[in-house]
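A quick write-up on the structure given underneath.
The values are calculated or read from the model by the stated rules, or taken from the named source; none is laboratory data. Computed from a prediction, not measured in an experiment: that's the story for all the values here. Cβ placement follows ideal geometry from the backbone for every residue including glycine, while neighbour counts extend to all protein chains displayed. These accessible areas exclude ligands, DNA and RNA; they are computed on the full protein's heavy atoms, side chains included. Shrake-Rupley method; radii C 1.70, N 1.55, O 1.52, S 1.80 Å.
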Amino acid sequence: MSAPDPHVSPRLTPADHRALSDEAKRDPQAYWRKVAQRLDWIEWPNKIHDATNGWFADGTLNASVNCLDRHLATRGDQTALIWQGEEADNIIRMTYRDLHERVCRMANVLREEGVKRGDRVAIHLPGVTEGIVAMLACARIGAMHVVLFGGFSAEAIADRLADSGAVVAITANVGRRGAKRIPFKATMDTALGLRPLSVRRLLVVSVTDDSVPMQTGRDAALEPLLEAAMPSCDAETMSANDPLFLLYTSGSTGKPKGIVHGTGGYLTWASYTQEMVFDHQPGDIFWCTADIGWITGHSYVVYGPLANGGTILLFEGMPSSPHPGRWWDVIENHKVTTFYTSPTAIRALMREGDDVPDARNLSTLRVLGTVGEPISHDAWTWFHDVIGKGRCALVDTWWQTETGGIMISPIPGAVKEKPAAATLPLPGIQPVLVDEKGAPIDGAAEGVLCIDGAWPGRALTIWQDDGLFQTTYLKPYPGHYFTGDGARRDEEGYFWITGRVDDVINVSGHRIGSAEIEDALATDHAIAESAAIGVPHDLKGQGIVVYVVPRDPSAAEMESRAVKAITAKVGRYAVPERVLVVPDLPKTRSGKNVRRLMRKIACGETEGFGDLSTLANPDIVPTLIEIAQRATS
Ligand code: 6R9
């Protein structure tokens, strides 16, 4: 692989990386003690880690102080946040001092609303600065933020508001997408009207002049409250293990899981990994394109780079709007040095042709990164060669909501890249491959990816369901943390992620549980049974194919009913590529759906299904093949 450009002076060499990894293995307590020093603690943690008390148990700190206050003396006038609106001349720059003040005001507004430490605050916003401000304001007063992705339907929002017990919610009148308006407030109104919820106040950001109905007694415009609020605000002293936030993600069960991250461990991890993996240097302009509704936005738009005193860029718009070069213009205009995005975005940008990026000056770029889904060899190579001109480091970072931050990744200068490989674990991380029975496999092999040992970023639990945390992550392969992913390890010990081994579908980097979709379909009484399957998709990585069995075989419009149920219950981002209306699903004699077979048929395979005699209804197979073929022709 070509080495990074000479203007890149990575902080770590391969020898450093080996030394750190050895050190972390030899004496983890000492290693993590040293790492924890990167944060400002109110009370220094004497306890580093033990299984009962978790991470930094007797330490206290405040995450917003670590992301803001501690930088004021040294870099108060440095830009903390560049916000680029969809329109080229719509730019906001906030220094650390500005951001600190805005966060303090927001924190005071929340306190004024009676939000106390431990309370939950829901944040449902488009790509405006208030999202970041609100997150840090929650952290300041010890409330847990619950950021809800903009693409969630009203029902999905209501489910998460109910589960989290949020007392205050923050939304926007609308989101902007070119001339289009996304009805954030209206969706929230619908969510709040679906059933009794604990939200007593809805604060509304005016992104545009569009007026929206306000419910007296419940809704309030946020901006006047911010203006009236005091510009300083005492920060709560939090224990390292006090939750910082709750973030919903999908797994094998239908119900989304509220992943809880703690304050000290999580922030240590976000900060450590952001510096190491992105070779964070003073003067960097760090652009992570993720929505703050996902963990990538939490760790690498907000907490990691701000804890490290970086300058972050937030872009309101989409990659190719209003023209295919929009993202490259943003990089050129703002002199972005570090660009972290998804394989889905890369695939879409790649299709626009090389002349689009070639017409821009991308020479400020130093480090490129991808996350969220496996990247193909050609997309990796295009990103590396055409965008990085072969002189940028390219980090394919593997991690999950539950791990808090990056776990397996190249490190600029220190871990040599291989196209499309997540490569090596960060110092302190111990991945293992296990077979189906849970026995560790050595050497070059393929297996289920688990993590051994402890690391500071691991989630504390699942909100109000620690039993589910144990059964999901710790019980499947006793003694190991189970990731849900499969991986291959090569002769050099490099890891190549092969994808989920459970029933989670990854559409454009968004995790969607098969059961979540099947539960949505079950809300329509005309649907007797269903199965959601992930199939390869050129642009999205995976697409969803849904099999639907109507209660009444002659029922009409089953496809559109299925799409409607999914849009209503989950959101537009989970709409399937194809709905196959079938008389029955292939089942084992014990009545279990044979997903493996449905996957093959959905992928267009017509043979090689193996022994079908174990099916209770083998006759259904030719019918399914025929219906699948008709749907794709
Ligand atoms: C950070 C994030 C986690 C799942 C994970 C895996 C997939 C993430 C990947 C990757 C291949 C990578 N994934 N990074 N697969 N290569 N570099 O995406 O969190 O939304 O919780 O998704 O995404 O399947 O298990 P999350």
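Considering only residues in the range 453-471 that are open to solvent by less than 30 Å² (accessible area, probe 1.4 Å) and part of a loop (DSSP other than H, G, I, E, B), the one that is farthest from the ligand (Cβ to nearest atom) turns out to be PRO456.
Just for the range 416-428: of the residues that are within 14 Å of the ligand (Cβ to nearest atom) and not small (Gly, Ala, Ser), which one is farthest from ARG11 (Cα to Cα)? In this case the residue turns out to be PRO419. What's the number of the condition GLU557 fails, among (1) away from the ligand (no atom under 13 Å from the Cβ); (2) open to solvent by 30 Å² or more (accessible area, probe 1.4 Å); (3) touching a residue at least 12 places away in the same chain (Cβ under 8 Å)? All conditions are met except number (3).
Residue under question is THR273, and the condition is that it be within 12 Å of the ligand (Cβ to nearest atom), touching a residue at least 24 places away in the same chain (Cβ under 8 Å), open to solvent by 20 Å² or more (accessible area, probe 1.4 Å) and out of contact with any His (no Cβ under 7 Å at 6 or more places or on another chain); does it hold? Taking the combined requirement at face value, the residue does not satisfy it.
Just to check your reading of the model, which residue among LEU362, LEU306, LEU314 is in a strand (DSSP E or B), at pLDDT 95 or above and in contact with a helix residue (DSSP H, G or I) (Cβ under 9 Å, 6 or more places away or on another chain)? Even if it seems obvious, please write down each step before you answer.
Details: LEU362 fails: in a strand (DSSP E or B); LEU306 fails: in a strand (DSSP E or B).
Unique residue meeting the criteria: LEU314.
Residues in the range 347-370 that are touching a residue at least 40 places away in the same chain (Cβ under 8 Å) and of a type outside the set (D, E, K, R) were compared, and the one that is nearest to the ligand (Cβ to nearest atom) is GLY369. Residues that are of a type in the set (Ser, Thr, Tyr) and under 30 Å from LYS569 (Cβ atoms) within the range 107-156 comprise just one, SER153. Filtering the range 51-85 to residues that are within 18 Å of ARG140 (Cα to Cα) and open to solvent by 20 Å² or more (accessible area, probe 1.4 Å) leaves VAL65, ASP69, ARG70, LEU72. Scanning the range 429-444 for residues that are open to solvent by 20 Å² or more (accessible area, probe 1.4 Å) and either away from the ligand (no atom under 16 Å from the Cβ) or outside the structural domain of GLY297 (by TED's automatic domain parsing) (or both) yields GLN430, ASP435, GLU436, LYS437, ALA439, PRO440, ILE441, ASP442, GLY443, ALA444. Scanning the range 391-401 for residues that are open to solvent by less than 20 Å² (accessible area, probe 1.4 Å) and more than 11 Å from the ligand (Cβ to nearest atom) gives CYS392, ALA393, LEU394.
Taking the range 157-199 as the range and being out of contact with any helix residue (DSSP H, G or I) (no Cβ under 7 Å at 6 or more places or on another chain), under 21 Å from ARG572 (Cα atoms) and open to solvent by less than 40 Å² (accessible area, probe 1.4 Å) as the test, the residues that pass are ARG160, GLY178, ILE182, PHE184, LYS185, LEU192. When we screen LEU474, LEU539 for residues that are touching a helix residue (DSSP H, G or I) at 6+ places or on another chain (Cβ under 8 Å), open to solvent by 30 Å² or more (accessible area, probe 1.4 Å) and away from the ligand (no atom under 15 Å from the Cβ), the only hit is LEU539. Among the residues of the range 281-290, the ones that are out of contact with any His (no Cβ under 8 Å at 6 or more places or on another chain) and open to solvent by 20 Å² or more (accessible area, probe 1.4 Å) come to 5 in all. Residues satisfying the criterion are present in the range 108-122 (criterion: under 17 Å from the mean Cα position of the chain (by Cα) and crowded, with 21+ Cβ neighbours inside 10 Å). In the range 321-331, the condition of being crowded, with 20+ Cβ neighbours inside 10 Å and within 12 Å of the ligand (Cβ to nearest atom) is met by no residue.
Among residues of the range 378-391 that are touching a residue at least 12 places away in the same chain (Cβ under 8 Å), those with a Cβ under 6 angstrom from a residue that is open to solvent by 20 Å² or more (accessible area, probe 1.4 Å) and part of a helix (DSSP H, G or I), sequence gap 6+ or separate chain, pair up as ALA379/ARG347; TRP382/MET350.
Scan the range 505-519 for residues that are of a type outside the set (Lys, Arg) and in contact (Cβ under 8 Å) with a residue 60 or more places away in the chain and jot them down. Reasoning before the result, please.
At the first step, the residues of the range 505-519 found to be of a type outside the set (Lys, Arg) are 505-510, 512-519.
Passing the criteria: ASN506, VAL507, SER508, GLY509, HIS510, ILE512, GLY513, SER514, ALA515, GLU516, GLU518, ASP519.
For the range 200-265, the strands (runs of 3 or more DSSP E) that sit wholly inside it and include 2 or more residues that are open to solvent by less than 20 Å² (accessible area, probe 1.4 Å) and not small (Gly, Ala, Ser) are 201-205, 243-249, 257-262.
Hey, any hits in the range 291-305 for a residue that's more than 16 Å from the ligand (Cβ to nearest atom) and either touching a residue at least 60 places away in the same chain (Cβ under 8 Å) or open to solvent by less than 10 Å² (accessible area, probe 1.4 Å) (or both)? No, the conditions are met nowhere in the range 291-305. Within the range 343-395, the residues that satisfy the criterion of being in contact with a Leu (Cβ under 9 Å, 6 or more places away or on another chain) and of a type in the set (Ser, Thr, Tyr) are THR344, THR370. Residues satisfying the criterion are present in the range 380-389 (criterion: more than 24 Å from LEU81 (Cα to Cα), among the hydrophobic types (A, V, I, L, M, F, W, C), within 14 Å of the ligand (Cβ to nearest atom) and open to solvent by less than 10 Å² (accessible area, probe 1.4 Å)). Filter the range 484-522 down to the residues that are open to solvent by less than 20 Å² (accessible area, probe 1.4 Å) and within 12 Å of the ligand (Cβ to nearest atom) and list them by number. Result: GLY484, ASP485, GLY486, ALA487, PHE495, GLY499, VAL504, ILE505, VAL507, ILE512, GLY513. When you check GLY447 against the structure, is it in the same structural domain as HIS298 (by TED's automatic domain parsing) and away from the ligand (no atom under 16 Å from the Cβ), yes or no? So GLY447 does not fit the description; no.
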